[in-house]
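Okay, so here's the structure we're looking at.
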Amino acid sequence: MADTYIVDKIECSMEPVFMTDLFLLLAMTTMLLSALGLLIIKGRCSKGLCRTWSEASSWIAFLLGIAFSFSYFLKTHPSSSASYLQITTLQAVLVPYILFMGVLVKRFSYNYLQTDSHYGEFFLKIKLLMAGLLLFVTANHVALLSVSWILSGWVLVLLIRHTQISSAIQSSKMALNTFLLGDLLLLSGLAGLTYSYHTPYLSLWISNSPVESPMLIASIIALVIGVMTKTAILPFHRWLPNTLTAPTPVSAIMHAGFVNAGAILFAKISTVLITQPWVMNGLVILGLISAVFGSAAMLVQNDVKRYLTFSTIGQMGFMILECGLGAFHLAIGHLIVHGLFKARFFLASGSVIEHRRYIRNVTLAQNETCNAVSYRWSLLAGVIASTGIAFSLGQCFLPLSHSLEHLNPLLGVMLVLSVVFSGLTLQKSKGVSLFSIVLSGLFGFALLSGYTLYEGFAEHYLQAWNRMYLFNNSLFTTGVAIIVSVFSGFIFLVMVGLLPVPQAIVQRLYLFFLNASDDHVTPTNFMTTFSHRQAIQT
Amino acid sequence: MPSTATKQVDFVTQDSNMDSIKNSIDKVLNIYGKVWPLHTVNACNPLVGFEDRSFVEALKQSKPLLRHHLEDSLFLFKDLYRRQQFSWNNVVEAIDQYPFKNGVLDQSLSIATKTFTYQAALSQELKTFLTEEMSENIILEGVFKQTFDKEAIIPLKLLSTSQSCWVDEQLVKWLATYWDNGQAVWKMPRSSNTSFYDAWQNIIQYDSQAPKELQIFLKKTTITLGLNLLQPLNRLEKLLQALSVPHNNYEWIINEECQSLPGWVGYLKYQQEASPEYGNAIYDYLTVRLLYTVAIKQSGFYQNANPPSTEINKTFTQRLQWISQGNPDFVYSFQHSPQQWQGYFNTVTLLDCVAILIRALEVHQQTPLLQALTNAYTSSLSVEASLLPKAQAVFCIDVRSEPYRRILESVAAIETYGFAGFFGLAIEGKHYGDLESLPLCPILLSPSYSVQESVASNMPSPLLSRAVRKASLYRQQWIYAFKKIRRDLFATFGYVEALGVIHGLTMVRDSFVGSWFGKAYEAIKAALQSKMGTTYTTQPCNQHSSDVQLSIDLTSEEKAGLVASIIPLMGLRFPLAPFVIITGHAAQTKNNPYKSSLDCGACGANGGGYNASVLCQWLNEADVRSKLKESLEIPDRTYFIAAEHNTTTQDVIFLNESVIRPQDHSVWQSIKESFQEASRLYQHQLISKPNVLHHQSHHHGGNMSAYDWSQTRPEWGLSQNQAFIIGQRDWTKTLNLEGRCFLHSYDWTKDEDESILSLIMSAPMVVGAWINLQYLFSTLDQQRFGSGKKYTHNVVSLLGVYQGNRSDLQVGLPYESLFSNDGTPYHLPQRLLVCIEAPKERVQRIIDKTPSVKRLVENGWINLHVLDPMAIG
């Protein structure tokens, strides 16, 4: 098959759907009004009042978001293509998600930051960030998109330096520099695209055909690179490990809501990207590199938050990979699921000490030597079991043949790798062998049925939103899939112990990843500049 | 060929050189406090190395070595003064009591035509400081900068500030990697039991952060000095020689290397004793640092980098402001005769002011307490002995036990006693299914016995017990399995896809219905607990082998011997009541790295239920009882019940109710209900407690915080601790001590040979003093002795906490445990008031013969007050 892709054309209805729009607008207004309110009351009232105000408004906004989503799914009418806000399934899924994260993180912060001297300001900034993200998700006009992009970046910088400690201010400067670069690239990209499509409305970029020119390609590239700065893809990932000076809830919301902005933008302008297959291929490569780099780097980190940070870099790489393959719905699904996962682990990062006991028990019990034969059998059994279960269950939702038809070989490879490696890691601990078969089987089933569900959801509900498949025709992705398989096979053999690697290489690799998290420009002063003098005189 | 004579001389010099290095290191290490890993955070005096000096001298002498900023705590006292926690009269009294050398305060300053004594100047300085708001005076600043703000004279500086900061960062990186306790999946590539130095040598050549030139010099130095072939001390000697450090500066240099990373140095100190198989951790640390230093000096690396900006020392500026109150005569006199001012400022330092204000606070807080105690004592002497109680309960001396004991006594006829929470058993214990033993005794002692928990066939419902314990083990393995999947190179992507939603649900659970789940879990646990039981087998420590399942237990004679030495120390009134309840305590909290700081300090920062269970098991054994018949008269009808007081929710759970025979169930039930009633009342009191310092939004429902993952302060722990009272319960029974006092039971009439009081003073009292001093210094200097605000903490290597991006290992207590939400200190920094009911001579004799106690008393680390029964009665 030649390079063909299917695009569902959007039916442009000129009939605005009142309730849906209203709910969304109310939700956004609530966020902005409550931010304004906090701005007024922040220095002058008790923490209890700040809390009540913030909690009430975030709940109201969340409920409005849910109402918006419900009314959208009940009616499934798209908004008019010339309006300022884009209301499609993407928004219907993401708006409640963002508001939900806001509610959760804020609820956590009420108690967690109870001793903070800038309590009201903190919630003000969080609200502004939420408002910025909401606007970004729903924006249909280039100006709104740019404003919200820049606003959310700037508010995040303020949040990173919230504690006003000198190391925090330094880190925030690094983040600011990265964002400025990204902003420039994004703005130029958007400007170029506006020119090429002759309209600043994103939804019209789907229906209009662009002027093919080097400017179009250049703006798309600029846009893509600009987006990558915020999504912490290599080589723009350096700012992220430096943000640990921010309070934990800020890290949670950053990793759950903010770094996803890239994939969200890609999904919004997916038709534009599709016109440039080589840009997509570039995304595949960059995403893959980030994914492997992030996952490998996370294995060497010694502190919890850095481990989570590199895990995010890896996951964002995977998400960009999925975007590059055209599976935007999978990328959005991954974004949501990852956000929930990451936020939870950041907020619960103090509980690693409670779990230490389990780790010690299992570490002391496990026998480090492994039996290669029993590995292979248990892995094989696991993969067969999971495929079998998923196959039979998947038939309920969607003919598996249909979804497999659309499943890109690279994604398929990654899926299988996940199951295989999960079985591998589990087998290393002695005494859980039956366990590992069962677990990897369950895991594989969960994975495959998850993908089937995504596909089914996409099939039924995403008609009004651009949905495209990049068939497994592209030699490029097949080639990459082969390379990834070979590479992971190599790693498998190393981990099993069948392939010895010289110590020098191991040491070098280890240090490469360990040092990846260090990025200071000047030697920092370790002492936190907290003193009673500061506390009382401010 | 060198002659024998020369060789001998060399040998002698070398030996004495190494000795002097060793001595210097020991001396320097002495002043750094040990830092325990986070799962057993023990409280210890941060200035423990200075205890042989007076309190005030310790503050002053520790400053250049430990680089603290205790003077900044003056502002904390200003805040307390504003909130009327102490008054001006207290300050005057404190100045009077202050141990200035004779005649110091009578020296004078002449300003214009008048003379001010030092005393008057000090009074004026403090008064202005405490009562008035002063703004910065730019003119004064300009005058002072030239005259006074000189940098302290540094004997020897090897590296510039930026260079030593770089070395600090490198060391933090290597230490976190080497000592990783289970956080990283891909660990530092080294074989087990490689020392830090060897591991570092293996890996440094591949380090991209060390520039090429530096690497060359590192390698060159290593080879030239032959470091890899030498013993650790020899290496240090060579390196110090290479840096041309004179002998008398060894201590200074070694301290310089340690003072920038006091947290890690403290942890290495702990590891030196805990894991000697890794070699000498401190020597290796110093070796690596000095090796970097040598290489950096030779390569000139980072020479011209901008150091972090330092604040201008405004100390003297401010002090003169406080004394002069803007009076131009003072400024004139300063400009024209600065020496007298220098004399004043150097004699009456800011640390003296801090010590004075601490004393003022103590006077205000402790005088009424002492008065109340004295009055209560005289009135308690006339109280008759009460009737036989329904039960006797032994609690830990912890301050949180005191309110519970008070309420329990008011609810039912239960006598309570205070005893150190480890109940005399210096053990290390393994919970069921665990492979790692935890030391369950105070840090002053080392465990003598190893205990293992198991399910024996003669226990009630052994099948149920085994099933429940196994289920808990499977749960652990399940959690660990999922943890492993998500920490894998490729599997992590699939994990997120497949199971990410579950984490969203978990967040919803923890944020909104965490307490329902928590309580449901506990209800199930409690229902099962009453039907199950475990048994404990004990062995002496040196026979312990970790691979072999212990089934050999101590003999009844041995157990009886141990018990016979413990029971009389508790001061229980004989004949014993039908139920003797031995209550340990533990905290309950979620998502809190500092949980162990809230647990029982006497049990090595673990829960106290384990020791209570072991002791009660021994006491309930028929064989042991029969062996004890000669020494102790324990009635056959008496049960020993183990319990654990949850200091966060105030519930008390009973751990071995299954020993109670059916005919005694009804009596037991009424006692149990008394405990539950006391828990309810205590909880209610805490919620409705009006506290002047509290900001309204600080108030938290004690019950819910135990399950709240976002609560950084589930309970106040030992904050506001104030006194340690050693005496009979009758004395303090009528007083409401507000949960601020350690209470240890002691009957002076039954202690003719002074052994009991000696034991109490040398162990629990010292531990109490250390806890108090830990809280004191953590409050006064959060930067150096505390760990800062919890919301920017980052758990590193599963053994400690970073503050922010990367920092030294944090020591001490976090901000949230000591300060209220509005920034005022909740813990009022004062030294421990120790009140003992015993004859004065007895106490004096014990002080004289116990060096650790003598140090604390004579140097003013605690305030000792003895109520002599023979003088009063």
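The values are calculated or read from the model by the stated rules, or taken from the named source; none is laboratory data. Computed from a prediction, not measured in an experiment: that's the story for all the values here. Ideal geometry is used to build each Cβ from the backbone, glycine not excepted, and the neighbour counts take in all protein chains shown. Each accessible area value is taken on the protein alone, full model and side chains, heavy atoms only, with ligands, DNA and RNA left out. Shrake-Rupley method; radii C 1.70, N 1.55, O 1.52, S 1.80 Å.
Only one of A:THR163, A:THR89, A:THR115, A:THR138 is facing chain B (nearest Cβ under 10 Å) and open to solvent by less than 10 Å² (accessible area, probe 1.4 Å). Can you tell me which?
Exactly one residue qualifies, and that residue is A:THR115.
Can you tell me which residue among B:ARG466, B:ARG486 is surrounded by fewer than 19 Cβ atoms within 10 Å (Cβ to Cβ) and of a type in the set (Lys, Arg)?
None of the other options fit; the residue is B:ARG466.
Need a quick list: helices (runs of 4 or more DSSP H) entirely within the range B:734-804 having at least 2 residues that are in contact (Cβ under 8 Å) with a residue 24 or more places away in the chain and more than 14 Å from every other protein chain (Cβ to nearest Cβ).
B:755-762, B:764-780
Restricting the search to the range B:414-429, which residues are within 18 Å of B:THR538 (Cβ to Cβ), open to solvent by less than 10 Å² (accessible area, probe 1.4 Å) and not small (Gly, Ala, Ser)?
If the condition is that a residue be within 18 Å of B:THR538 (Cβ to Cβ), open to solvent by less than 10 Å² (accessible area, probe 1.4 Å) and not small (Gly, Ala, Ser), then B:PHE423, B:LEU425, B:ILE427 are the ones that fit.
Say we look at the range B:805-838 and pick out the residues that are in a loop (DSSP other than H, G, I, E, B) and aliphatic (A, V, I, L, M); which of these is nearest to the other protein chains (Cβ to nearest Cβ)?
Across the range B:805-838, the extreme among qualifying residues is B:LEU809.
Within the range B:49-64, count every residue that is modelled with pLDDT of 90 or more and open to solvent by 10 Å² or more (accessible area, probe 1.4 Å).
7
Restricted to the range B:647-682, and to residues that are open to solvent by 30 Å² or more (accessible area, probe 1.4 Å) and among the polar types (S, T, N, Q), which residue is nearest to the chain's Cα centre (by Cα)?
B:GLN676
Matching residues to (1) open to solvent by 50 Å² or more (accessible area, probe 1.4 Å); (2) modelled with pLDDT of 80 or more; (3) in contact with a His (Cβ under 9 Å, 6 or more places away or on another chain):
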| site | (1), (2), (3) |
| --- | --- |
| B:GLU132 | yes, yes, no |
| B:ILE138 | yes, no, no |
| B:GLY142 | no, no, no |
| B:LYS145 | yes, no, no |
| B:LEU158 | no, yes, no |
| B:TYR206 | no, yes, no |
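Looking at (1) at the interface with another protein chain (Cβ under 10 Å from one of its Cβ atoms); (2) within 30 Å of B:SER762 (Cα to Cα); (3) loosely packed, with under 14 Cβ neighbours inside 10 Å, can you tell me which one B:SER446 breaks?
All conditions pass for B:SER446, except number (1).
Just for the range B:201-251: of the residues that are of a type in the set (Val, Ile, Thr) and out of contact with any helix residue (DSSP H, G or I) (no Cβ under 7 Å at 6 or more places or on another chain), which one is nearest to A:LEU511 (Cα to Cα)?
B:ILE216
Starting from residues that are in contact with a Phe, Trp or Tyr (Cβ under 8 Å, 6 or more places away or on another chain) and open to solvent by 10 Å² or more (accessible area, probe 1.4 Å), keep the ones in the range B:261-278 and report whichever is farthest from B:SER787 (Cα to Cα).
If we take residues in the range B:261-278 being in contact with a Phe, Trp or Tyr (Cβ under 8 Å, 6 or more places away or on another chain) and open to solvent by 10 Å² or more (accessible area, probe 1.4 Å), then B:TYR278 is farthest from B:SER787 (Cα to Cα).
With B:ILE524, B:ILE485, B:ILE479 as the choices, which residue is more than 14 Å from chain A (Cβ to nearest Cβ) and of a type in the set (Val, Ile, Thr)?
Every option except B:ILE524 fails the conditions.
Of everything in the range A:236-249 that's under 22 Å from A:ILE332 (Cα atoms) and buried (at least 24 other Cβ atoms within 10 Å of the Cβ), which residue is nearest to the other protein chains (Cβ to nearest Cβ)?
A:LEU240
Here's the yes/no breakdown for (1) open to solvent by 10 Å² or more (accessible area, probe 1.4 Å); (2) touching a Phe, Trp or Tyr at 6+ places or on another chain (Cβ under 7 Å); (3) small (Gly, Ala, Ser):
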residue: A:GLY226; (1), (2), (3): no, no, yes
residue: A:THR229; (1), (2), (3): no, yes, no
residue: A:LEU234; (1), (2), (3): yes, yes, no
residue: A:THR309; (1), (2), (3): no, no, no
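Are any residues in the range B:328-359 open to solvent by 30 Å² or more (accessible area, probe 1.4 Å), outside any helix (DSSP H, G or I) and closer than 21 Å to B:LYS114 by Cα, and if so, which ones?
B:SER337
Could you identify the single residue in A:ILE289, A:ILE313 that is open to solvent by 10 Å² or more (accessible area, probe 1.4 Å), more than 8 Å from chain B (Cβ to nearest Cβ), in a helix (DSSP H, G or I) and on the phi < 0 side of the Ramachandran plot?
Answer to the selection: A:ILE289.
For B:GLN303, indicate whether it is within 14 Å of chain A (Cβ to nearest Cβ), buried (at least 16 other Cβ atoms within 10 Å of the Cβ) and at pLDDT below 90.
no
From A:SER219, A:SER207, A:SER188, grab the single residue that is farther than 27 Å from A:SER517 by Cα, open to solvent by 10 Å² or more (accessible area, probe 1.4 Å) and either within 14 Å of chain B (Cβ to nearest Cβ) or out of contact with any Lys or Arg (no Cβ under 9 Å at 6 or more places or on another chain) (or both).
A:SER188
Does the range A:167-176 contain any residue that is under 27 Å from A:MET28 (Cα atoms) and either open to solvent by 50 Å² or more (accessible area, probe 1.4 Å) or of a type in the set (D, E, K, R) (or both)?
Among the residues of the range A:167-176, at least one is under 27 Å from A:MET28 (Cα atoms) and either open to solvent by 50 Å² or more (accessible area, probe 1.4 Å) or of a type in the set (D, E, K, R) (or both), which makes the answer yes.
In the range B:504-525, which residues are buried (at least 20 other Cβ atoms within 10 Å of the Cβ) and without any contact (Cβ under 8 Å) to a residue 60 or more places away in the chain?
B:GLY504, B:MET507
For the structure I just gave you, tell me whether A:SER46 is within 14 Å of chain B (Cβ to nearest Cβ) and either crowded, with 23+ Cβ neighbours inside 10 Å or of a type in the set (A, V, I, L, M, F, W, C) (or both).
no
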